[in-house]
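Shown next, in structure tokens, is the structure this report addresses.
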Amino acid sequence: MNLYGIELASRLLLGSARYPSPAVLAEAVRASGSEVVTVSLRREAGTQRSGQDFWSLIRDLGVRVLPNTAGCHSIKEAVTTAKMARDIFHTAWIKLEVIGDADMLQPDVFGLVEAAAELAADGFEVFPYTTEDLVVADRLLQAGCRVLMPWGAPIGSGRGLNNVFGLRALRARFPDVPLIVDAGIGRPSHAVQAMELGVDGVLLNTAVAMAGDPVAMAGAFARAIEAGRAGFEAQPMEPRDFAVPSTPVAGTAWLA
Amino acid sequence: MHVGILGAGVAGLVTAIELAGRGARVEIVERAPDHARACAWVAGGMLAPWCEQATAEPQVAALGAPAIAWWQRHFAGTVQRGTLIVAASRDAGELDLFGRRTERFEPIDAECIGALEPELAGRFRQGLFFPDEAHLDPRHALPALAAQLAAMGVTIRYGVDADVARIDADRTVDCRGLAARDTLEDLRGVRGEMIVVRSSDIRLTRPVRLLHPRFGLYVVPRGDGVFMLGGTLLESGSDDPMTVRSAMDLLNAAYALHPAFAEAEILELGVGVRPAFPDNLPRVLRHGRNVYLNGLYRHGFLLAPAMAQQAARLIFHHT
């Protein structure tokens with residue numbers, strides 16, 4: 001998978017919030033094989049200086065950091081947070097979240113497109129958290145995004161893929177744009193389903209962090225994502241509405 | 001044996017009790033003028049080893065369970081009336097999850113919730129009751145330990161900023177919390193925030209936790225209509241004043257627990273920064289004649305007795 005010119009072997013991106021401890025987070029990252037970890041600036045610390053302990057723990061994980069603007073409800077807030085993230089983590093990458101609905105944490109796609117354009121013009125490499133809407137996706141690409149992060153379901157809901165048809169349409173319309181399903185994945189089977197649709201990767205947080213055993217769950221997701229991708233590449237058969245014997249029966253001797 | 005202790009927070013005071021009780025001559029040095037700057041001062045004071053199993057490593061419950069008896073022996077204000085866990089109907093899944101990860105509780109229905117806490121009657125359909133857990137008020141418990149230490153001949157020198165090298169003692173125990181980061185480099189600060197409110201309309205007799213996928217809340221009754229609301233947990237070493245967002249989250253959750261909290265008076269907004277190691281587990285370490293007791297994280301009152309006993313064993317038996 002290639003994201004903004006960076007070749008990644010793992011198709012799993014892992015969030016860093018809500019783990020039982022930083023030690024468990026570090027082990028989960030290792031078990032997941034993930035090469036990209038997202039980190040929230042706004043939620044973990046009110047001001048720039050105070051979160052430094054946690055951010056240095058994230059840097060010490062030795063993986064690429066994808067800072068995010070989680071919890072931002074306005075363009076201005078998201079842009080400011082993105083710039084702060086660039087200073088702290090010395091990366092042009094930013095996972096852009098502009099939340100439009102506090103209950104569903106649904107993206108404000110209008111604000112998202114505007115913020116993405118502003119950040120892309122400023123040299124950021126934007127990973128927009130969006131819906132599966134084709135028109136919004138097109139506008140985000142026009143705004144300068146080279147990766148799309150459609151949701152599976154609302155953040156933290158663990159419901160899996162709410163709109164398989166929509167994600168399939170997005171894949172078909174933009175075959176060459178990396179698609180990362182971000183948010184809503186609850187179980188490894190959801191990740192397999194997403195990967196079988198041909199998306200390029202999956203971004204997870206709660207499903208691993210809040211599992212009874214986050215480290216084991218990180219490993220389970222790693223294997224699920226590999227299996228889903230391998231299944232997609234191997235071109236699965238289509239379902240049929242009648243039975244077809246896998247062994248030809250014509251000419252078989254019937255011993256009654 | 002002369003032991004100097006740095007820090008008069010919950011770790012320092014409990015360690016002093018354990019050491020003085022074993023016959024050591026103990027002196028405590030505290031840089032603040034009183035206990036009010038210790039993060040224990042803004043703690044919930046819940047002795048809830050089994051509830052903590054929901055998020056903490058199994059060692060926390062094992063180390064913390066004996067703390068209830070320890071506090072009952074050393075502080076008469078320790079109240080053992082259990083912990084009540086409730087959730088709104090739409091968050092019933094949170095109760096299932098909490099129950100799967102904890103032990104020593106009874107699943108209870110609306111009637112039983114009403115019998116335990118009549119104020120909550122009819123408000124919640126189901127909950128969990130942890131009958132063996134206890135709670136205390138840190139602002140009474142810390143001065144009570146200090147008074148007990150004075151009676152045992154232990155002096156506490158407040159307003160003295162000393163380091164271990166300058167203490168004239170056979171052994172030192174460093175209980176400075178986050179301030180010990182100058183030596184214990186992997187310590188980090190985890191910020192917690194709390195609000196103290198007063199309401200004459202609500203009566204609760206035990207800590208109540210409201211589960212929610214986003215904003216967890218606990219309410220600890222302090223008596224005389226005073227309640228401590230807590231529950232935020234932020235990866236931040238800042239002790240800056242509470243943010244509006246945190247205050248809204250806590251107050252909204254309290255309002256969801258009982259609408260009468262809307263009319264409560266806000267007495268205090270408090271912030272504490274808890275010291276934690278990367279695995280969020282406590283440690284007792286020895287470097288030469290110095291022992292370090294640190295990393296109690298959000299479990300100061302729960303873990304201080306077990307860790308103080310470990311420190312005492314290290315000092316008296318070198319084990």
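Laboratory data are not the source of any read-out in this text; all were calculated from the coordinates shown. Given the structure is predicted, the values throughout are model-derived calculations rather than measurements. Neighbour counts run over all protein chains shown; Cβ positions are idealised from the backbone, glycine included.
One table, with the values for the structure above:
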item	result
Globularity ratio of the range B:68-222, using Cα Rg and 2.2 N^0.38 Å	1.37
Cα gyration tensor category, rounded, prolate or oblate, for the range A:136-256 with a/c compared to 1.5	oblate
HN-Hα J in Hz across the range A:25-32 - Karplus 6.51, -1.76, 1.60, θ = phi - 60°, x for Gly and Pro	4, 4, 5, 5, 4, 4, 5, 7
Among beta bridges that DSSP assigns inside the protein assembly as shown, antiparallel share in %, nearest 5	50
Computed helical MRE - 222 nm, chain B, DSSP H runs ≥ 4 contributing -39500 (n - 2.57), nearest 500	-8500 deg cm²/dmol
Farthest positive-ward along the range B:92-141 dipole, Cα basis, beta-carbon charges - from B:120, B:108, B:95	B:95
Inter-part distance where the range A:94-113 and the range B:27-85 are each reduced to a Cα centre, Å	40
Charge dipole (debye, nearest 20) of the range A:2-234; +1 at Cβ of Lys and Arg, -1 at Cβ of Asp and Glu	240
Chain A - mean residue ellipticity at 222 nm from DSSP helices (-39,500 (n - 2.57) per run, n ≥ 4, rounded to 500)	-12000 deg cm²/dmol
The range B:1-70 shape via C-alpha gyration tensor axes, a/c threshold 1.5	oblate
Estimated dipole of the protein assembly as shown in Debye, rounded to 20 [Cβ of Lys and Arg +1, of Asp and Glu -1, Cα centre]	1040
Compactness of the protein assembly as shown as Cα Rg over 2.2 N^0.38 Å, two decimals	1.09
Estimated vicinal HN-Hα couplings, Hz - the range B:50-62 in sequence order (Karplus 6.51, -1.76, 1.60; Gly, Pro = x)	7, 4, 5, 4, 4, 10, 9, 5, x, 4, 5, 5, 5
Label point distance in nm, residue A:163-residue B:110, each placed 7 Å from Cα along Cα→Cβ	3.7
Convex hull per residue volume in Å³, alpha carbons only, for chain A	157
Trypsin sites (Lys or Arg not before Pro) lying in DSSP loop within the range A:40-141, provided at most 14 other Cβ fall within 10 Å	A:49
Overall form of chain B per C-alpha gyration tensor (a/c, 1.5; a/b vs b/c)	prolate
Span per principal axis, largest first, for the Cα atoms of the range B:208-319 (Å)	55, 29, 26
Exposed-loop-free span, longest in chain B, where GluC sites (Glu not before Pro) count as exposed if DSSP calls them loop and at most 13 other C-beta atoms lie within 10 Å	B:186-319
Summed residue charge, Cβ within 14 Å of residue B:202's Cβ, Lys/Arg positive, Asp/Glu negative	-1
Charge context of residue A:149, other residues only, Cβ under 12 angstrom, K/R +1, D/E -1	-2
Dipole of the range A:2-234, positive end: most advanced residue of A:26, A:100, A:201 [Cβ charges, Cα centre]	A:26
For the range A:3-42, diffusion coefficient by Stokes-Einstein and Kirkwood Rh (Cα), 20 °C, 1.002 mPa s, µm²/s	194
